[in-house]
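Participant: One structure follows; several queries about it will come next.
Read the figures in this text as sums done on the coordinates, not as results from a lab. Keep in mind it's a predicted model, so treat the numbers as computed, not measured. Note that each Cβ is placed from the backbone with ideal geometry, even for glycine, and that neighbours are counted across all protein chains shown.
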Amino acid sequence: MGQRTPLYDAHLARGARMVDFGGWDMPVHYGSQVGEHHAVRRDAGMFDVSHMCVVDLRGPRTREFLRWLLANDVARLVEPGKALYSCMLREDGGVLDDLIVYFLEESWFRLVVNAGTADKDIAWIRGQAGAYGVGVTPRRDLAIVAVQGPHARSKAAACLPQGCRDAALALDVFFATLCGEWMVARTGYTGEDGFETVLPVAGVRQFWDALAAAGVAPCGLGARDTLRLEAGMNLYGNDMDEGVTPLESGLAWTVAMKDDRDFIGRPVLAAQKSAGVGRKLVGLLLEDRGVLRAHQKVLVEGIGEGELTSGTYSPTLERSIGLARVPSGTGERVKVDIRGKWLDARVVKPPFVRHGKALIGI
């Protein structure tokens with residue numbers, strides 16, 4: 001038996017098929033993965049992401065500490081509530097985790113880290129924080145529910161505490177607002193608009209049931225994966241991990257190196273940029289019949305080989321799509337080994353889909 005979120009019984013009550021996900025018992029779908037995918041693209045769906053971990057950092061030197069800890073620069077966070085996506089690196093430039101950091105007060109920042117890396121992350125952060133006098137507090141007393149889709153904000157707002165509704169609806173993208181013990185953020189992992197809501201465990205079942213009553217579809221890990229891949233978003237453990245740097249993972253845009261700020265892993269990234277990054281992460285659109293899957297071999301004729309890091313059938317495009325790490329000299333076409341056959345694929349720039357619309361030619 002794995003760890004369970006506070007919504008475990010709610011998932012069973014709605015007929016979810018449960019699977020192990022990084023040591024957590026999580027719903028993969030509630031009957032139709034494709035139906036849940038389309039609910040998010042066309043209306044509103046909700047995800048239990050309480051397996052992820054909220055970590056509060058407090059102390060007068062917290063901003064200084066985060067400028068050292070993260071590859072992106074929290075100096076950009078000047079308005080309370082502003083959020084930033086970043087990688088947290090090892091000294092050798094490998095990605096320990098990708099996370100979101102929220103600026104709540106000058107002495108209080110909040111991280112949301114991945115479930116499978118949470119224990120490792122917390123140990124690493126605590127090991128680095130002592131020199132700065134920063135307190136590190138995992139918040140397992142808090143749950144997280146993501147509501148995503150073109151109608152997500154209006155439907156979710158009606159289920160928030162009354163004092164939160166106007167502030168939530170007024171949020172700009174990648175901003176959060178605090179309402180007592182609740183935090184509502186206009187962030188997500190699907191390529192659609194919506195909220196990620198952090199709230200006390202004691203109130204999450206009532207919130208979940210209220211969302212369902214408002215017409216928000218419960219969605220599982222299956223739809224979450226097809227949605228994030230259509231949106232061109234990396235999955236930790238697939239598209240990046242401790243063995244690769246952000247520069248090899250399509251995440252150079254998250255690395256702030258324009259000034260002389262030092263951060264963990266910077267010397268390695270600087271040397272890699274100077275020498276030339278040998279690999280890159282690209283999007284692939286399969287042009288033959290078949291389905292792209294992680295770990296399939298990619299052949300770049302005249303250059304070398306690569307590998308699929310993620311792959312799936314796209315319900316929105318009705319085609320197979322994937323992300324692949326390939327030699328930097330890769331051009332517009334590659335071949336993929338699918339069950340012993342070399343099939344043609346076109347190299348495209350992610351995202352594939354955003355806000356329900358295809359962004360690539362088919």
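Participant: With the crude spin-label approximation of a point 7 Å out along Cα→Cβ, what separation in nm comes out for Ala213 versus Asp259?
Facilitator: 5.0
Participant: If amide H atoms are built 1.01 Å from N in the plane of the peptide, which residues on other chains or at least 5 residues away come under 5 Å of the amide H of Gln3?
Facilitator: Result for Gln3 returns Trp24, Asp25.
Participant: When only Cα pairs under 8 Å and 6 or more residues apart are kept, what is the percent relative contact order across the chain?
Facilitator: Reported as a whole number, the value is 18 percent.
Participant: Follow-up question, since we're still on this one. How large is the direction-averaged shadow of the alpha-carbon convex hull of the chain, in nm²?
Facilitator: 18.0
Participant: Which Cys residues of the chain have no other Cys beta carbon under 4.7 Å away?
Facilitator: Here Cys53, Cys87, Cys159, Cys219 come out as lacking a disulfide-compatible partner, given the Cβ-Cβ threshold of under 4.7 Å.
Participant: Averaged over every viewing direction, what's the projected area of the C-alpha convex hull for segment 1-83? Give it in nm², one decimal, please.
Facilitator: On the way: hull surface 33.7 nm².
Result: a mean projected hull area of 8.4 nm².
Participant: Over segment 320-362, what portion of Cα pair distances is larger than 17 Å, expressed as a whole percent?
Facilitator: Values: 356 of 903 pairs.
That tail contains 39 percent of the Cα-Cα pairs.
Participant: Please give me the summed charge of the neighbours of Arg67: other residues whose Cβ is under 13 Å from its Cβ, Lys and Arg +1, Asp and Glu -1.
Facilitator: Working: positive: Arg61, Arg63, Arg76, Arg261, Arg266; negative: Glu64, Asp73, Asp259, Asp260, Asp262.
Net charge in that neighbourhood comes out at 0.
Participant: Rounded to whole Hz and in sequence order, give me ³J(HN,Hα) for segment 329-337 from the Karplus expression 6.51 cos²θ - 1.76 cosθ + 1.60, θ = phi - 60°, writing x for Gly and Pro.
Facilitator: Running phi through 6.51 cos²θ - 1.76 cosθ + 1.60 with θ = phi - 60° gives x, 4, x, 8, 9, 9, 10, 10, 7 Hz.
Participant: Right, something else. Could you tell me the largest-minus-smallest coordinate of the C-alpha atoms of segment 143-183 on each of the three principal axes, in descending order and whole angstroms?
Facilitator: 27, 20, 19
Participant: Work out, in µm²/s and without decimals, the Stokes-Einstein translational diffusion coefficient of segment 150-236 at 20 °C, 1.002 mPa s, Rh from Kirkwood over C-alpha pairs. Walk me through the intermediate numbers first.
Facilitator: Numbers: Rh = 13.7 Å.
My calculation gives 157 µm²/s for D.
Participant: Here's something else I'd like to know. Send over the semi-axes of segment 178-310's equivalent ellipsoid, whole angstrom and largest first, taken as the square roots of 5 times the C-alpha gyration tensor eigenvalues.
Facilitator: The three semi-axes for segment 178-310 are 35, 24, 11 Å.
Participant: Quote to one decimal, in nm, the extra length available between Met1 and Asp337 on full extension: 0.36 nm per residue of separation minus the C-alpha distance between them.
Facilitator: Contour length minus Cα-Cα distance gives 117.3 nm.
Participant: From the phi angles alone, apply the Karplus equation (6.51, -1.76, 1.60; θ = phi - 60°) to segment 190-204 and give each ³J(HN,Hα) in whole Hz, x where the residue is Gly or Pro.
Facilitator: Per-residue couplings from phi come out as 10, x, 10, 6, x, 10, 10, 10, 9, 8, x, 3, 4, x, 6 Hz.
Participant: Further question: Can you put Met233, Met26 in order of Cβ neighbours within 10 angstrom, beginning with the fewest?
Facilitator: Ordered by Cβ neighbours within 10 Å, fewest first: Met233, Met26.
Participant: So for segment 1-275: antiparallel DSSP bridges make up what percent, rounded to the nearest 5?
Facilitator: Of all bridge pairs located within segment 1-275, approximately 90 percent are antiparallel.
Participant: If I stretch the segment between Ile303 and Val201 completely, what's the gain in nm (0.36 nm per residue apart, minus their alpha carbon distance), one decimal? Please list the in-between numbers first.
Facilitator: Working: separation 102, 0.36 × 102 = 36.72 nm, distance 5.24 nm.
31.5 nm is the gain from fully extending Ile303 to Val201.
Participant: May I pose another question? Need one number: the % of Cα-Cα pairs in segment 278-358 sitting beyond the 16 Å mark. Working shown, then result.
Facilitator: On the way: 1375 of 3240 pairs.
Across segment 278-358, Cα pairs with separations above 16 Å total 42 percent.
Participant: Counting other C-beta atoms within 10 Å, which of Ile122, Ile362 has the fewest, and how do the rest follow?
Facilitator: The most exposed by this proxy come first: Ile362, Ile122.
Participant: Test of understanding: ordering Leu12, Leu57 by Cβ neighbours within 10 Å, fewest first, what list do you get?
Facilitator: Leu12, Leu57
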